[in-house]
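Participant: Structure incoming, see below.
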Amino acid sequence: MNTRLAPTLCGLAAAGLLSAGQAVADDPVELTMYYPIAVGGALTDVIDGLVADFQADHPDISVNAIYAGNYDDTRVRAMSAIEAGDAPQLSVLFSIDLFDLIEQDAIVAFDDLLETDEEREWLDSFYPGLMENGQLDGQTYGIPFQRSTIVLYWNKEAFEAAGLDPETPPETWEEMAEMAAAVREASGGDQWGVMVPSTGYPYWMFQAFAFQNGHRLMSEDGTEVFFDDPASIEALEYWVSLTQEHEAMPDGTIEWGTLRQSFIEQATAMMWHTTGNLTAVRNEASFDFGVAMLPMNTQRGSPTGGGNFYIFNDTTEDEQRAAMTFIRWMTDPERAAAWSIETGYMGVSPAAYETEVLRDYVETFPPAAVARDQLEHGTAELSTYQGGRVRRALDNAIQAALTGQMSPEEALNQAQAEAEAALRRYARSR
Amino acid sequence: MLIHNADRRMQIYGALLLLPAAVLLGTFAYLPTVSTLVNSLFLPGFRGSPPEFVGLENYALLIEDRTFWRVARNNLIYALGTIPTSIALALGMALFVNARLPGRGFVRMAYFTPTILPMIAAANIWMFFYAPQIGLFNKILGALGLSGVNWLGDPSVALGSVIVMTIWKEAGFFMIFYLAALQSIPPELKEASDLEGTDRWSFFWRVTFPLLMPTTLFVLINALINAVRVVDHLFILTKGGPNNATNLLLYYVYENAFSFFDRTYAATITVVILLVLAVVATVKFTILDRRTHYQ
Amino acid sequence: MRQSSLTSSARRRFALRLPSLETTAAWLLALIWIFPLLYAFWAAFHPAAYMVRFDLFAPVTLENFANAWAQAPFARYYLNTFLLVTGVVMAQFVVCTLAGFAFARFPIPGKDILFMLVLIQLFVFPEVLIVENYRIASSLGLVDTITGIGLPYVASAFGIFLLRQTFKTIPRELEDAARIEGCGWMAILLKVYVPLAKPTYLAYGLVSISHHWNNFLWPLVVTNSVESRPLTVGLGIFSAPETGVNWATVSAATLLSVAPLLVAFLLFQRQFVQSFLRAGIR
């Protein structure tokens, strides 16, 4: 039976190979790039389209873009390729992978690659808030690409049905809890008030709560964390209270991946999610919805998030130049604008928002500018050495508190201890 | 002398026949086993620095690692949750299918089909059942006027959900061994007991079940191995969460090695898995193989 | 006496005709067991809106399959899996035949201990040793190659064991006859042993095909790119929940990945079950 399938399969594969091998110029520089996707929509298509356009513009460079799963998977794939001596020349990886990548001695600083004033200008053209996660000791290692902040999506029809003003999103923690509880009550228990995802990237959501409470969770040099601070505990208590006290959010953890679907199916009136989901929500929602900055306690705030471009160590100068060309092309204001419209991710530079397409888009669809406006209240995403383990410690604490296994204080104390142990082990073995 | 020579040649020839297998087994089974043991005695080197020998420090860390104990306990619960139930179901299925039953072919096919699916595909399908709010199970509960359960997000339920899916996947596989064993039971036994007027229940417990004992042991060993070996579904369903409620040993190894870049700690956990497997192997080779005569 | 036996047989016949409790239970269980697969079919062939809404008149569509096919390089994944499975099974046949033959017929010193060592691999399989096997594959330059996925499985203790058992049951007289005709060891192996072990090869082959078609963890670890990813890994990456891919599309992709094996199974049910059985009893 397998032999009978064989000819068909080979035919299909041959077709695939042919289409992949179109851009053969005379000996182009070949670049391999891994990239992740963490939001809805057929983004692999968008990336493939961009790459094809780039190759048409630059026939001397051929880019092999490999989709490798979510951010964690992609880091694992890129690192394992490096270890196997088959390093990619560049990749889009989590902006917060910076320390891990440096720990593994895997990446080069862009400052070392700059040659012209034009290139130096380009490096300064991005929003400073998006550069934070990509810089260490005054050097820039990551160029912003698919960058986001967390925004609040709200269902205007659900608000109206609950007797709330459909045009007014909550401004403060208190308001959000009240409004959420109001929706829950008005729907007779059919609809939840608010959902904040607690799988996938729980630490990221928590960082928003903590920052809104005036607290940063880590030191700038990535060697210390402050999970057990009273302000941090208070932030987690608020998150937990949405379920336990206000009964406006379901019990247990909330899936990052299915949350968008839940919002679209109107299972919840509000959700916190990455702005990278904006276009997918816009395309799929059958109701009127709005997007707002996250509510505040002592201050507004959201961590930035998403992926940066990195260039790897183990590459020739030609390849590094070609990678630079590609990254510059991809982050060009026109492209950044188009990418933002396709996805909801931020236009990474002020110039992107000044392009005609994005200006027009923002005018007809104001939610597209919320993430940008929120950037002035932004903070760097949680990033430390031993990042995987440190984040996991915090993720577990958050999940333990949300599922009622531990009090927020206990949970965060434990996370602090675990994170410190991981950082100590790292310091030991350096 | 001539005979001795021929013997010698046979030995060399035989050794040559074994060589490819020996090289491959050496490279991908024995060598990695030994290097796992060795690496568990080192710290991982970061930033290109060489790994440092630390003796049993990783093991000390393991003993203090609450997550490890949590994961080990999960794995035990997972084994206890999946194995007896799937074996009992497998036996029941085999009895059903072995009896005269309308549509027997379909029923047997239905039982066995999950075995053919990859774990990843099975997990994808079950994901739709388990999803909160919009998943099928909660829609059904909702239609019955019950409030939904957060199947994979509630730590007190999540491991159970994973277990249920695993049972679904495995029972049909074990069924076929029981079926074969049932078919090899001489029909005279049944006829004799019918003549004596033994009811079916006591026939099962007095005759069938004891005769199936070797099969049960065989299935048990397989189930034990699978409880350690197969963690594919976690990649889709829970990633070991929430708060490690569904994390299993091998998945924890994967996380440490490939997400946290801590290969030597991963090696330390692997040693624990190897110890568990050594126990299972000993049980198999000493108890099970003494009972079954297949040489 | 005669009277009572009559009534009892009549009773039995009657009981057979009514769907007994057992029949009902057996069918109920069967329906529960097949349901997830049927559900996947439902989800894959209907628009996403009907995922959790059952409606007999829901429009049937192939769009989900088209989406899945367009969103991930499934053609390439199929090819990779196909190459992987064929390669592994072929190599296993060769290596395990030689080793099984040696264990069955050759006087090798310390044979029992060697055989025991081989059997240990039944417990220490490549998945458990992912960390070290990854390093080894990496130092051999096998990462991100189809060979790298398959090679650790080639010397299968299970295959060696099965073939040794089979070869042992083949009467020596046949071998002697072949030798009189002037056959050397290789010729004897190929002309006498291998043909007579055909059912074992079939059984082992089918089990091995299913195993490698479905294998996930090691291929996930050792592959990086589309060029080597098998179907399971492609599917796993494609449908990881945090990417929020549309469910109907995921269902379609899932069915795409299992279809060949599933169809083969439905067509050759008996052979599959027999093979699993033969290969399992050891």
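Participant: Looking at region B:259-272, which of its residues are surrounded by fewer than 23 Cβ atoms within 10 Å (Cβ to Cβ) and under 19 Å from B:ARG229 (Cβ atoms)?
Facilitator: Within region B:259-272, B:VAL271, B:VAL272 qualify.
Participant: Moving on to the next point. Looking only at region B:33-77, which residues are among the basic types (Lys, Arg), within 13 Å of chain A (Cβ to nearest Cβ) and on the phi < 0 side of the Ramachandran plot?
Facilitator: Result: B:ARG66, B:ARG70.
Participant: Moving on. Can you tell me how many residues in region A:286-327 are part of a helix (DSSP H, G or I) and touching a strand residue (DSSP E or B) at 6+ places or on another chain (Cβ under 9 Å)?
Facilitator: 10
Participant: Can you tell me which residues in region C:215-241 are outside any helix (DSSP H, G or I), under 22 Å from the mean Cα position of the chain (by Cα) and at the interface with another protein chain (Cβ under 7 Å from one of its Cβ atoms)?
Facilitator: Selection gives C:PHE216 alone.
Participant: More than 10 Å from chain B (Cβ to nearest Cβ) and surrounded by fewer than 20 Cβ atoms within 10 Å (Cβ to Cβ), is that true of C:GLY150?
Facilitator: In short, no.
Participant: Of all residues being over 18 Å from the mean Cα position of the chain (by Cα), facing another protein chain (nearest Cβ under 8 Å) and touching a residue at least 12 places away in the same chain (Cβ under 8 Å) in region B:246-261, which is farthest from C:PHE238 (Cα to Cα)? Just the residue, please.
Facilitator: Applying the filter and picking the extreme gives B:PHE261.
Participant: Could you please let me know if B:SER147 is outside any helix (DSSP H, G or I) and more than 7 Å from every other protein chain (Cβ to nearest Cβ)?
Facilitator: Yes: the conditions hold for B:SER147.
Participant: Could I ask something else about it? Which of the numbered conditions does B:TYR251 fail, given that it passes all the others? Conditions: (1) among the aromatic types (Phe, Trp, Tyr); (2) under 30 Å from B:ASN150 (Cβ atoms); (3) crowded, with 24+ Cβ neighbours inside 10 Å.
Facilitator: Here B:TYR251 clears every test but (3).
Participant: Any idea how many residues of region A:374-410 are in a helix (DSSP H, G or I) and over 17 Å from the mean Cα position of the chain (by Cα)?
Facilitator: Looking only at that region, the number is 15.
Participant: Would you check if there is a residue in region C:122-142 being surrounded by fewer than 16 Cβ atoms within 10 Å (Cβ to Cβ), of a type in the set (S, T, N, Q), modelled with pLDDT under 90 and in a helix (DSSP H, G or I)?
Facilitator: The answer is yes; a qualifying residue exists.
Participant: Further, regarding this structure: Would you confirm, using the coordinates I've provided, whether C:THR97 is over 30 Å from C:VAL250 (Cβ atoms), facing another protein chain (nearest Cβ under 10 Å), of a type in the set (Ser, Thr, Tyr) and within 22 Å of the chain's Cα centre (by Cα)?
Facilitator: Taking the combined requirement at face value, the residue satisfies it.
Participant: Still on this model: With the structure loaded, tell me whether C:LEU174 is more than 8 Å from chain B (Cβ to nearest Cβ) and in contact (Cβ under 8 Å) with a residue 60 or more places away in the chain or whether it fails that test.
Facilitator: no
Participant: Could you list, in sequence order, the residues of region A:413-427 that are farther than 19 Å from A:GLU103 by Cα and acidic (Asp, Glu)?
Facilitator: A:GLU418
Participant: For region C:242-275, how many residues meet the condition of being over 21 Å from C:LEU38 (Cα atoms), within 11 Å of chain A (Cβ to nearest Cβ) and free of Cβ contacts under 8 Å to residues at least 24 places away in the same chain?
Facilitator: 3
Participant: Evaluate the following for C:LYS168: is it surrounded by fewer than 18 Cβ atoms within 10 Å (Cβ to Cβ) and touching a helix residue (DSSP H, G or I) at 6+ places or on another chain (Cβ under 7 Å)?
Facilitator: Against the criterion (surrounded by fewer than 18 Cβ atoms within 10 Å (Cβ to Cβ) and touching a helix residue (DSSP H, G or I) at 6+ places or on another chain (Cβ under 7 Å)), C:LYS168 qualifies.
Participant: Then there's this: Which condition number in (1) within 27 Å of C:ALA253 (Cβ to Cβ); (2) surrounded by 13 or more Cβ atoms within 10 Å (Cβ to Cβ); (3) modelled with pLDDT of 90 or more is the one that C:TRP27 fails?
Facilitator: Condition (1) is where C:TRP27 drops out.
Participant: Taking region A:381-420 on its own, how many of its residues are over 16 Å from B:ASP154 (Cα atoms), more than 8 Å from chain B (Cβ to nearest Cβ) and without any contact (Cβ under 8 Å) to a residue 12 or more places away in the chain?
Facilitator: 2
Participant: For region A:230-261: of the residues being out of contact with any Phe, Trp or Tyr (no Cβ under 8 Å at 6 or more places or on another chain) and of a type in the set (Ser, Thr, Tyr), which is nearest to A:ILE37 (Cα to Cα)?
Facilitator: Only one residue fits best here, namely A:THR258.
Participant: Given the criterion more than 28 Å from A:ILE107 (Cα to Cα) and either out of contact with any helix residue (DSSP H, G or I) (no Cβ under 6 Å at 6 or more places or on another chain) or at pLDDT 90 or above (or both), identify the matching residue among A:ALA15, A:ALA42, A:ALA52.
Facilitator: A:ALA15
Participant: Which residue is farthest from the chain's Cα centre (by Cα), if the candidates are limited to region A:83-103 and must be within 14 Å of chain C (Cβ to nearest Cβ) and buried (at least 21 other Cβ atoms within 10 Å of the Cβ)?
Facilitator: Step by step, filter region A:83-103, then rank; the result is A:ALA84.
Participant: Of the residues that make up region C:187-201, is at least one small (Gly, Ala, Ser) and at pLDDT 90 or above?
Facilitator: So far as region C:187-201 goes, yes, one or more of its residues are small (Gly, Ala, Ser) and at pLDDT 90 or above.
Participant: Are there any helices (runs of 4 or more DSSP H) wholly within region B:187-295 with 1 or more residues that are at pLDDT 90 or above and of a type outside the set (Ser, Thr, Tyr), and if so which?
Facilitator: Filter on region B:187-295 gives B:213-229, B:232-237, B:249-254, B:263-283.
Participant: Can you tell me which of A:GLY301, A:GLY276, A:GLY306 is surrounded by 24 or more Cβ atoms within 10 Å (Cβ to Cβ) and touching a Lys or Arg at 6+ places or on another chain (Cβ under 6 Å)?
Facilitator: A:GLY306
Participant: Now a separate question. Based on what the data block shows, is B:LEU80 free of Cβ contacts under 8 Å to residues at least 40 places away in the same chain, of a type in the set (A, V, I, L, M, F, W, C), within 30 Å of C:VAL273 (Cα to Cα) and away from chain C (no Cβ under 12 Å)?
Facilitator: When the stated conditions are applied, B:LEU80 passes them.
Participant: Give the residues of region A:133-156 that are of a type in the set (D, E, K, R) and either touching a strand residue (DSSP E or B) at 6+ places or on another chain (Cβ under 7 Å) or modelled with pLDDT of 95 or more (or both), sorted by residue number.
Facilitator: Passing the criteria: A:ARG147, A:LYS156.
Each row is one residue, and each column tells you yes or no for (1) over 21 Å from C:PHE276 (Cβ atoms); (2) away from chain A (no Cβ under 14 Å); (3) among the hydrophobic types (A, V, I, L, M, F, W, C).
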position	(1), (2), (3)
B:ALA94	no, yes, yes
B:ASN98	no, yes, no
B:PRO102	yes, yes, no
B:ALA131	yes, no, yes
B:LEU141	yes, no, yes
B:SER161	yes, no, no
B:MET165	no, yes, yes
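Participant: With the checklist (1) assigned to a loop (DSSP other than H, G, I, E, B); (2) free of Cβ contacts under 8 Å to residues at least 12 places away in the same chain; (3) assigned by TED's automatic domain parsing to the domain that holds A:MET270 in hand, flag the one item A:GLU174 doesn't pass.
Facilitator: (1)
Participant: Another question about this same structure. I'm trying to understand the selection: among the residues of region B:168-211, which are more than 27 Å from B:MET109 (Cα to Cα) and within 12 Å of another protein chain (Cβ to nearest Cβ)?
Facilitator: Those that are more than 27 Å from B:MET109 (Cα to Cα) and within 12 Å of another protein chain (Cβ to nearest Cβ): B:ASP194, B:LEU195, B:GLY197.
The values are calculated or read from the model by the stated rules, or taken from the named source; none is laboratory data. Source: prediction; values computed, not measured. All Cβ positions, glycine included, derive from the backbone under ideal geometry; neighbour counts span all protein chains shown.
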